[in-house]
There are 2 protein chains.
Amino acid sequence: MRFHLIARDGAARAGVIETERGVVHTPLFMPVGTNATVKAITPEELRKIGAELILCNTYHLYLRPGEDVIREVGGLHRFTGWCGPILTDSGGFQVYSLSRLRKVTDDGVEFRSHIDGSLHFLTPEKAIQIQHSLGADIIMTFDECPPYGVSYQETLRAVKLTTEWARRCKRTHGDSGQALFGIIQGGFFEDLRRRSASEIVEIGFDGYATGGLSVGEPKPLLHEMIHFTADLLPSERPRYLMGIGDLMDVMEAVEAGYDMFDCVMPTRNARNGTLFTSEGRVSIQRAEYRSDPSPVDPNCSCYTCRHFTKAYLRHLYLSGEILGMVLNTIHNLSFYFNFFQQMREAIINRRFAGFRQQWQVILQSNFHR
Amino acid sequence: MRFHLIARDGAARAGVIETERGVVHTPLFMPVGTNATVKAITPEELRKIGAELILCNTYHLYLRPGEDVIREVGGLHRFTGWCGPILTDSGGFQVYSLSRLRKVTDDGVEFRSHIDGSLHFLTPEKAIQIQHSLGADIIMTFDECPPYGVSYQETLRAVKLTTEWARRCKRTHGDSGQALFGIIQGGFFEDLRRRSASEIVEIGFDGYATGGLSVGEPKPLLHEMIHFTADLLPSERPRYLMGIGDLMDVMEAVEAGYDMFDCVMPTRNARNGTLFTSEGRVSIQRAEYRSDPSPVDPNCSCYTCRHFTKAYLRHLYLSGEILGMVLNTIHNLSFYFNFFQQMREAIINRRFAGFRQQWQVILQSNFHR
């Protein structure tokens, strides 16, 4: 994997990540394919609307179907039918957010599956071995992610563990062809964030991610930490802000110098009938759209907006029809990819501030859920 | 609408139906788009895999979103994004099979909605007016469909009502540009079927449909009635066997001289994980497919079979993923359209008997649900 910056506008950056499976452009939005599928959309359609790299979840795939299945079939690309680059996260965050009866020791994490309650033990070594079996282009270290509100001492413990685990991950990784990204933790304590970043950077990785944000903290604190952490990460490597996808937060983070983002927001909202548009959010179930012959977004040229009316999408949503989720997903992801592409052009043309100002108004207006 | 026969092989026929929205080829399989969507597939994909005409349900669309919505948006084609021909059924069968507290009078049927329990009254006039609002290319008369096992007297009453209602439908229809098909009833009494057919044919319609079959009767009786009824319908008009889609039954009916079919079988089975293949049915959840790297059907060139393994489809099914339903639907419908196309070619080449023999073996083998 190689990373080049091609433009800067203040701290905001536009770059290129070269992988063996193709080039991707930053700032990059990575749609989330939890169970080895970006929900409700085919890989063909994903490619068409501009997806460049998808994210899959090690935690989920380890539990079902099992990494052995994916390895036997020929790896995640063959399994999913997605030929472009893939990133897998290590499972650290899902163990924290989804599993039951989680017990953290120095060695790793014991937890019960959220699917069937079965008992599992994940270690840094195992997280890397699983990710080797899956065969993604970019893989992540196994980290310990504390929730918002834990004490300094607990956060310090998580930082130490995350560093130690990062070392063990790198050792296990060896010289695999897959790129390995390190994750920094440190909660909402600046000195711990600084410590974590310096330790992780010292180990040395192909890219760096900030974890442990968007875990319940207030927005101003999130934005503060976004700026603070971005400056701790090396400029010549991709900077990945994990799990953040609200576009207001994304613009904050791009301004701070982050390059990569993932979030279920566009896909989950699509399934719940909330659509992102150039005029603000649209809650498609609203009675006002009953006979509305207009497309969801007059400025969008996606398949959904070219062929279908709000009245139809409302009908599909109220009828619980799968096609509604499919069409909404196509639109919301198209909107995200267009947004990121425009943001990238704005950076290249040194008008990111104007871009941000314009979109801040839109994203805050016409907001009827 | 115009209908031409272009080949015969025994009583089996291959023909062409010309509509203002395009030409369709018979024997024709019409996928069912109950709620103005063929479940889990986009119109674009439907067109690609060979769909020529889709069916929508008047009963469902009258209840939700309401025919006024569809008329205001510009009709069913604009609403659904399906530009090819559409057929709507009259609602007679759904009133019988889905609604609650159904009360039949000479004037029409009073029933309660299966969605919200609201009270409705459908008459032949109203069924036609609704279908005019929907704007399908082919519409159906409003009939009275008795279940299997009712007495001769009750069936006779349904036949008389169906004839009287057919007259009222035709009167209401006037000289609309939409084609109007008549439906014959008569249960499992040959003289009543003969009487119904002769009365309906005397009124005169653009095509003729046989209703009231596949309502719980044993297969041999179904097949007997298929043959008996086909001979009662004029040869120069399309013959439509309503609601029959099991391919064994379809071959029986094509042999008898039927031209048009509709059924939820390929789409419903797809969502339940049952896939039709050239080697028999595949129940995709079976453990034997856990790491199976082969496509569902080695002889199929649909998007699903070209890109995805049985292992992946099994994983999607077990994970309850929408993409599984989408990919299974693409495959099952592709299989149906291929089957119908091959059947048509067999008729044109006068080898329908061989086609039928070959497929009877396949359809009965490898059947593991």
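Laboratory data are not the source of any read-out in this text; all were calculated from the coordinates shown. Since we're looking at a predicted model, the values are computed, not measured. Glycine gets a Cβ as well: all are built from the backbone with ideal geometry, and neighbour counts include every protein chain shown.
Assorted remarks:
- Relative contact order %, region A:277-363, counting alpha carbon pairs below 8 Å whose residues are six or more apart: 28
- Bridges between two residues of the protein assembly as shown, per DSSP, are antiparallel at a rate of about 50%.
- By the beta carbon rule, with partners counted only under 4.7 Å, chain A holds these lone Cys residues: A:56, A:83, A:145, A:169, A:263, A:302.
- Distance between region A:249-303 and region A:168-240 - C-alpha centres, whole angstrom: 29
- Peptide A:71-80 has a mean of 4 when you count, residue by residue, the C-beta atoms of other protein chains within 10 Å of its C-beta.
- Shape of region A:94-157, Cα gyration tensor, a/c cut at 1.5: oblate
- FRET efficiency estimate (nearest 0.05) - Cβ-Cβ, residue A:235 to residue A:112, R0 45 angstrom: 0.60
- As a calculated quantity, the FRET efficiency between residue B:202 and residue B:175 at R0 = 22 Å, using C-beta atoms, amounts to about 0.70.
- When shorter helices are ignored and each DSSP H run of at least 4 residues is given -39500 (n - 2.57), the per-residue value for chain B at 222 nm works out to -13000 deg cm²/dmol.
- FRET efficiency, 1/(1 + (r/R0)^6) with R0 35 Å, evaluated for residue B:5 and residue B:294 via beta carbons: 0.30
- A simple count of charges around residue A:25, restricted to other residues whose Cβ falls under 13 Å of its Cβ and scoring Lys, Arg +1 and Asp, Glu -1, yields -2.
- Sites listed here are GluC sites (Glu not before Pro) in region A:139-237 whose DSSP assignment is loop and whose Cβ has at most 11 other Cβ atoms within 10 Å: A:236.
- Eligible lysines near residue B:219 by straight Cα distance, threshold 24 Å, same-chain separation 8 or greater: none
- Derived value for region A:307-356: Kirkwood hydrodynamic radius 12.6 Å. Basis is the mean of 1/r over every pair of different alpha-carbon atoms.
- Label 7 Å beyond Cα on the Cβ vector: residue B:287 copy-to-copy distances, nm: 5.4
- Net lengthening on full extension, residue B:16/residue B:105 (0.36 nm per residue, minus Cα-Cα): 28.2 nm
- Rg over Rh, two decimals, the protein assembly as shown (C-alpha only, Kirkwood Rh): 1.05
- Beta bridges from DSSP with both residues in region A:162-301: antiparallel share about 30 percent, rounded to the nearest 5.
- When each of the peptides B:98-106, A:71-79, B:27-35 is scored by how many other beta carbons lie within 10 Å of its residues on average, the order from highest to lowest is B:27-35, A:71-79, B:98-106.
- In Å, descending, principal axis extents of the Cα set of region B:273-364: 46, 21, 18
- Kirkwood radius for region A:27-263, taken over all pairs of different Cα atoms as the inverse mean of 1/r, rounds to 17.8 Å.
- Computed on the Cα atoms alone, the convex hull of region A:1-130 gives a volume of 142 cubic angstrom per residue.
- Selected from A:289, A:333, A:319, residue furthest toward positive end of dipole (region A:277-363; charges at beta carbon): A:333
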